[in-house]
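The values are calculated or read from the model by the stated rules, or taken from the named source; none is laboratory data. This one's a predicted model, so the numbers in the text were calculated from it and none came from an experiment. When we count neighbours, we look across all protein chains shown, and the Cβ atoms used for this are built from the backbone with ideal geometry, even at glycine. Areas reflect the complete protein model, heavy atoms only, side chains present, ligands, DNA and RNA absent. Shrake-Rupley method; radii C 1.70, N 1.55, O 1.52, S 1.80 Å.
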Amino acid sequence: MAFLCICLGTAGCKNDEPEVELEPVMTLYDKPLSTIQNSILGKWKWYVSYGGIVGISYPENTFVEFTDNHCIVTNDNGQTVAFGAPSPNKLFPYSWKELKVLDYRFPNKGLRHIMWDNEQDMGIWYFEEIHNETLFVGSYSMPFDYAFIRVK
């Protein structure tokens, strides 16, 4: 009986917290290259890296900036940000290649647009989605994933 009273007594309670409106997820893996390019332009804070021996790391004061044909990764201390990623504090030219990504999590997504480091002649990143101003990125050459937060 007490349980029923509690349930009925709280049924009419109003929650005063405002509803959080979440931005819809914008997938990138299935979009044309022009959409991917326009979506990633600008500066992003490198928030987290997943994978490798460490498992999860949170680079401090590290930023990634994409222009039409260059990318620069910057940080305050000049340390390497991640294996297989562009060198910090160095502008690198990139192009795009459409290749199959061997990703156990997404086996049926087919070909992806890969950001290609022209100087090292290797694939760097592919772009999965943007959700709430966070860009989710996979490494083409290593089993790593990253999240970058848009800098306004």
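Picking from K152, K109, which residue would you name as being over 25 Å from G55 (Cβ atoms) and at pLDDT below 85?
None of the others qualify; the one that does is K152.
Restricting the first residue to segment 27-40 and requiring it to be more than 16 Å from S95 (Cβ to Cβ) and open to solvent by less than 40 Å² (accessible area, probe 1.4 Å), which pairs with a second residue that is modelled with pLDDT of 90 or more and of a type in the set (S, T, Y) meet a Cβ separation below 9 Å and a spacing of at least six or different chains?
These pairs meet every condition: L28/T35; L28/S39.
Within segment 41-59, take every residue that is part of a loop (DSSP other than H, G, I, E, B) and open to solvent by 80 Å² or more (accessible area, probe 1.4 Å) and give me the one that is modelled with the highest pLDDT.
Here the residue is Y58.
Between a first residue in segment 45-63 that is among the charged types (D, E, K, R) and a second residue that is assigned to a strand (DSSP E or B) and open to solvent by less than 70 Å² (accessible area, probe 1.4 Å), which pairs have beta carbons less than 7 Å apart while being 6 or more apart in sequence or on different chains?
Listed pairs, sorted by first residue: K45/F63; K45/F148; K45/I149.
Among the numbered conditions (1) at pLDDT below 55; (2) among the hydroxyl-bearing types (S, T, Y); (3) surrounded by fewer than 10 Cβ atoms within 10 Å (Cβ to Cβ), tell me where Y104 comes up short.
For Y104, the failing item is (1).
Within segment 112-142, take every residue that is acidic (D, E) and under 13 Å from the mean Cα position of the chain (by Cα) and give me the one that is modelled with the lowest pLDDT.
E128
Exactly one of (1) at pLDDT below 75; (2) surrounded by 12 or more Cβ atoms within 10 Å (Cβ to Cβ) is unmet by D16. Its number?
With respect to (1) at pLDDT below 75; (2) surrounded by 12 or more Cβ atoms within 10 Å (Cβ to Cβ), D16 is out only on (2).
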